[in-house]
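In what follows, a single structure is set out as structure tokens and then discussed.
The values are calculated or read from the model by the stated rules, or taken from the named source; none is laboratory data. Predicted, not measured: the structure shown is a model, and the values here were computed from it. Cβ atoms come from the backbone with ideal geometry, glycine included; neighbour counts cover every protein chain shown.
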Amino acid sequence: MTQIGGLISQRFTNLKKIGSGTYGIVYKATSKKTGEIFALKNIRLDSVDEGVPSTAIREISLLKDLRHPNIVRLTDVLHSNRKLTLVFEYLDHDLKKYMDSLNSPLPVRQIKSFTFQILRGLAYCAEQRVLHRDLKPQNLLINQTGELKLADFGLARAFGIPMKAYSSEVVTLWYRPPDVLLGNQKYGTSVDIWGAGCIFAEMYLGKPLFKGRDAPSQLKKIFTKLGTPTKEEWPEMTELPEWKNFNPKECKGYSLRDLVPSIDDEDGYDLLSKMLQCDPNKRISALDALDHDYFNDIIQND
């Protein structure tokens with residue numbers, strides 16, 4: 001407990017390490033005052049000169065204004081002893097660990113519910129002009145009642161109109177859209193829809209749909225499976241910065257029914273095809289996706 005400072009030990013008890021990464025360590029802890037369980041994201045501040053990491057500043061500044069049932073709640077920020085601790089509501093699992101624990105694809109009803117909640121969180125982010133930019137199963141938290149929340153906004157950015165140029169070094173590789181892989185820096189909310197589509201397919205498959213080693217191999221995986229877009233299908237593709245370096249082979253691709261055979265209805269294939277459009281201008285918006293027929297039974301029961 002002394003590792004994360006006296007301020008933490010004064011306010012929390014039953015600290016248990018539940019994760020770690022480049023930012024520091026995540027603990028599960030109980031509030032001494034209320035008995036409520038929280039997740040403490042402890043960020044190391046290596047030196048006084050370097051200050052607070054930009055990812056932490058970004059996450060704090062965005063999450064303090066984002067209030068939605070499908071976005072993790074930041075409840076407090078504690079700063080002491082060269083350590084910064086973000087206090088979040090606690091959820092039981094991330095989606096990756098949950099899927100691994102089942103050792104099999106998720107039930108269809110659960111896939112529908114989780115996908116709907118992802119899109120509902122993204123629709124709210126879009127309304128608030130926020131790009132998440134790192135959607136992956138590890139950054140989706142779920143609790144025992146089936147609630148899902150978007151988390152880890154360290155790579156998130158607020159956006160305006162007209163769109164500015166953003167870094168193309170975003171989104172974990174397997175969930176990065178082809179336009180960003182090709183160096184597109186003027187992207188919008190479509191960057192998150194592609195990631196959501198990859199996760200949608202992964203919940204049915206029980207494994208990632210596109211699993212490359214680096215950007216070129218990731219693009220090759222996408223075009224081999226979905227087909228290499230033609231100039232007519234994606235007019236701006238050949239104008240992207242990395243197009244000439246990539247020089248892709250023409251591939252016919254496969255139908256989504258072959259790629260994700262466990263989807264059991266046409267509505268599911270239709271929604272997935274609209275989310276996994278290589279041309280970002282053709283990807284469905286989160287708001288429109290929520291109205292898709294695939295979710296009819298979810299909406300009727302909610």
Exercise. Quick one: is Gln300 out of contact with any helix residue (DSSP H, G or I) (no Cβ under 7 Å at 6 or more places or on another chain), modelled with pLDDT of 95 or more and either under 30 Å from Val130 (Cβ atoms) or not assigned by TED's automatic domain parsing to the domain that holds Tyr187 (or both)?
Worked result: no
For this session: Mind counting the residues in segment 1-16 that are at pLDDT 90 or above and either surrounded by fewer than 12 Cβ atoms within 10 Å (Cβ to Cβ) or within 23 Å of the chain's Cα centre (by Cα) (or both)?
Result: 1
Exercise. Do the conditions hold for Thr224, that is, is it farther than 29 Å from Gln117 by Cα and free of Cβ contacts under 8 Å to residues at least 24 places away in the same chain?
Worked result: no
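This table checks each residue for (1) without any contact (Cβ under 8 Å) to a residue 40 or more places away in the chain; (2) hydrophobic (A, V, I, L, M, F, W, C).
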| residue | (1), (2) |
| --- | --- |
| Phe246 | no, yes |
| Gly253 | yes, no |
| Arg257 | yes, no |
| Asp264 | no, no |
| Leu272 | no, yes |
| Asn281 | no, no |
| Ser285 | no, no |
| Ala289 | no, yes |
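Return yes when Ser101 is free of Cβ contacts under 8 Å to residues at least 24 places away in the same chain and not assigned by TED's automatic domain parsing to the domain that holds Pro280 and no when it is not.
So Ser101 fails the test.
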For this session: Determine whether Pro177 is in contact with a helix residue (DSSP H, G or I) (Cβ under 6 Å, 6 or more places away or on another chain), in the same structural domain as Leu102 (by TED's automatic domain parsing), at pLDDT 95 or above and surrounded by fewer than 21 Cβ atoms within 10 Å (Cβ to Cβ).
Result: no
Exercise. Give me the pairs: first residue in segment 178-203 and free of Cβ contacts under 8 Å to residues at least 40 places away in the same chain, second residue β-branched (Val, Ile, Thr) and in a loop (DSSP other than H, G, I, E, B), beta-carbon distance under 9 Å, and six or more apart or on different chains, which are they?
Worked result: Val180/Val170; Val180/Val171
Problem set entry | So Asp293, is it assigned by TED's automatic domain parsing to the domain that holds Arg129 and modelled with pLDDT of 95 or more | yes
Problem set entry | Residue identified as surrounded by 15 or more Cβ atoms within 10 Å (Cβ to Cβ), assigned by TED's automatic domain parsing to the domain that holds Leu155 and in a loop (DSSP other than H, G, I, E, B) among Pro241, Pro261, Pro235, Pro208 | Pro208
Exercise. Can you name the condition, by its number, that Tyr27 falls short on among (1) more than 24 Å from the chain's Cα centre (by Cα); (2) at pLDDT 90 or above?
Worked result: (1)
Exercise. Which of the residues spanning segment 73-118 are surrounded by 19 or more Cβ atoms within 10 Å (Cβ to Cβ) and among the basic types (Lys, Arg)?
Worked result: Lys112
Problem set entry | Residue among Gln117, Gln110 that is in contact with an Asp or Glu (Cβ under 8 Å, 6 or more places away or on another chain) and either under 20 Å from Phe295 (Cβ atoms) or modelled with pLDDT of 95 or more (or both) | Gln117
Exercise. Quick one: is Arg58 touching a Gly at 6+ places or on another chain (Cβ under 7 Å), touching a residue at least 24 places away in the same chain (Cβ under 8 Å) and surrounded by fewer than 16 Cβ atoms within 10 Å (Cβ to Cβ)?
Worked result: no
